[in-house]
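Right, one structure below, let's go through it.
The values are calculated or read from the model by the stated rules, or taken from the named source; none is laboratory data. Predicted, not measured: the structure shown is a model, and the values here were computed from it. All Cβ positions, even for glycine, are placed from backbone atoms using ideal geometry, and neighbour counts span all protein chains on display.
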Amino acid sequence: MPELPEVETIVRDLRPQLVGRQIRSAKLSHEDVLRGVTKRRLLTALAGARVVGVTRRAKHAVIDLELPARTARLVIQPGMTGSLIIHDRALTPDEAKYAVLRAPLDDGRELIYRDVRRLGTILLLDDRGWSAYDAALGPEPLDPALTPARFAGILASSRQAIKKVLMDQRKIVGVGNIYANEALFAAGIDPSRPSSRLTTHDSRRLLKHVRRILSAAIASQGTTFRDYRTGTGATGNFQLELLVYGREGEKCRVCGTRLAHTHEIDARITVFCHRCQQ
DNA sequence: ACGAGGTCCTGCGAGC
DNA sequence: TGCTCGCAGGACCTCG
């Protein structure tokens, strides 16, 4: 499930291939992925657009476009099962089936947004729209501007379970279920603990582990459980390094206790060690 | 402001 | 074998 490390990997793979390229045309198979833009407006804007930048913000891939008379940002959030890949060959029938957006490029290759479950979203924003969208998102966890004090302030402002706060994109971006589980385990913090009850020491440790784990996951090209692929179509490798997510019922790698799981926080699976996370 | 629960989507695996 | 059903979940919504 594309969280920060997965989208960062996609963006790093796409950037050298996509910047400078012109999009010839575009086709969209399903309109239900669009947010705030009609199919007609999106396809019209993409046809002939030049890509001038590929960046990441939160869990979104942001493709900066130069249009004849204006600029625009194509914002793709892969959701659960989305991937962005540049193909230099014809698609297999299976690949074509789930290709939601297809955009042939001026070099003969094709940019494909693939999304099996289509929980991902596509936006097309102008500068003002982007500013508003960006402003509603929390700070980037890997940005040094997010100081331990600022992070502590964010956590102190909510009585919700720390895991839920960590996954709230308005408070801090990029962390989803997998990395929230991993970071809380590494920091030895009970996921259900009210965020505001964490000590300064807790929040410092948590930020450190969030950063360490996100960085390690980027280095491993992300976590592939089923659908996630890098920008070149490869699987990630960080699933091999997970200590709790997907390991419920197995033994804790630190203390050997059987890992517990619950759906009580935000109706998502939380896997944790009773002993290491008190 | 908060918690609870529903919605979107489809593939997959369990159970019968 | 073939069917139904629950689950996976990020973001967003409504309701109380």
Does segment A:13-25 contain any residue that is touching a Pro at 6+ places or on another chain (Cβ under 9 Å), more than 16 Å from DNA strand B (Cβ to nearest atom), among the acidic types (Asp, Glu) and assigned to a helix (DSSP H, G or I)? no
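Which residue is nearest to residue A:103 (Cα to Cα), if the candidates are limited to segment A:25-45 and must be in contact (Cβ under 8 Å) with a residue 12 or more places away in the chain and in contact with a helix residue (DSSP H, G or I) (Cβ under 7 Å, 6 or more places away or on another chain)?
Just the residues of segment A:25-45 that are in contact (Cβ under 8 Å) with a residue 12 or more places away in the chain, to begin with: A:25-30, A:32-37, A:41-43, A:45.
Next cut, in contact with a helix residue (DSSP H, G or I) (Cβ under 7 Å, 6 or more places away or on another chain) only: A:26, A:28, A:34.
Working: A:26: 4, A:28: 9, A:34: 16 Å.
Per the stated criteria, the residue is A:26.
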Name the pairs whose Cβ atoms lie under 7 Å apart, with the first residue in segment A:167-191 and closer than 11 Å to residue A:278 by Cα, the second more than 8 Å from DNA strand C (Cβ to nearest atom) and charged (D, E, K, R), and 6 or more positions between them or separate chains? A:184/A:163; A:187/A:205; A:189/A:202; A:191/A:163
Sole miss for residue A:145 among (1) farther than 27 Å from residue A:254 by Cβ; (2) modelled with pLDDT of 90 or more; (3) within 16 Å of DNA strand B (Cβ to nearest atom); (4) not basic (Lys, Arg) is condition (3)
Look through A:64, A:94 and report the one residue that is within 16 Å of DNA strand B (Cβ to nearest atom), outside any loop (DSSP other than H, G, I, E, B) and without any contact (Cβ under 8 Å) to a residue 40 or more places away in the chain. A:94
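Can you tell me how many residues in segment A:155-178 are in a helix (DSSP H, G or I), within 16 Å of DNA strand C (Cβ to nearest atom) and either more than 19 Å from residue A:266 (Cα to Cα) or touching a helix residue (DSSP H, G or I) at 6+ places or on another chain (Cβ under 6 Å) (or both)?
As a first pass, look at segment A:155-178 and keep what is in a helix (DSSP H, G or I): A:155-156, A:162-167, A:177-178.
From what is left, the residues that are within 16 Å of DNA strand C (Cβ to nearest atom) are A:162-167, A:177-178.
Checking which are either more than 19 Å from residue A:266 (Cα to Cα) or touching a helix residue (DSSP H, G or I) at 6+ places or on another chain (Cβ under 6 Å) (or both) leaves us with A:162-163, A:165-167.
So the answer is 5.
Yes or no: residue A:92 outside the structural domain of residue A:229 (by TED's automatic domain parsing) and under 29 Å from residue A:138 (Cα atoms)? Steps first, answer last, please.
Numbers: outside the structural domain of residue A:229 (by TED's automatic domain parsing): yes; under 29 Å from residue A:138 (Cα atoms): no.
Spelling it out, it is not the case that residue A:92 is outside the structural domain of residue A:229 (by TED's automatic domain parsing) and under 29 Å from residue A:138 (Cα atoms).
Scan segment A:150-195 for residues that are of a type in the set (Ser, Thr, Tyr), surrounded by 19 or more Cβ atoms within 10 Å (Cβ to Cβ) and in contact with a Lys or Arg (Cβ under 8 Å, 6 or more places away or on another chain) and report the count. Lay out the reasoning, then the answer.
Residues of segment A:150-195 that are of a type in the set (Ser, Thr, Tyr), as a first pass: A:157-158, A:179, A:192, A:195.
Subsequent filtering for residues that are surrounded by 19 or more Cβ atoms within 10 Å (Cβ to Cβ) retains A:179, A:195.
From the residues that got through so far, the ones that are in contact with a Lys or Arg (Cβ under 8 Å, 6 or more places away or on another chain) too are A:195.
Total satisfying the criteria: 1.
For segment A:183-235, give me each residue that is of a type in the set (Phe, Trp, Tyr) and in a helix (DSSP H, G or I).
Applying the first criterion (of a type in the set (Phe, Trp, Tyr)) to segment A:183-235 yields A:185, A:225, A:228.
Scanning segment A:183-235 gives a single hit, A:185.
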Selection count where residues are touching a residue at least 12 places away in the same chain (Cβ under 8 Å), over 16 Å from residue A:45 (Cα atoms) and more than 14 Å from DNA strand B (Cβ to nearest atom), scope segment A:107-129: 6
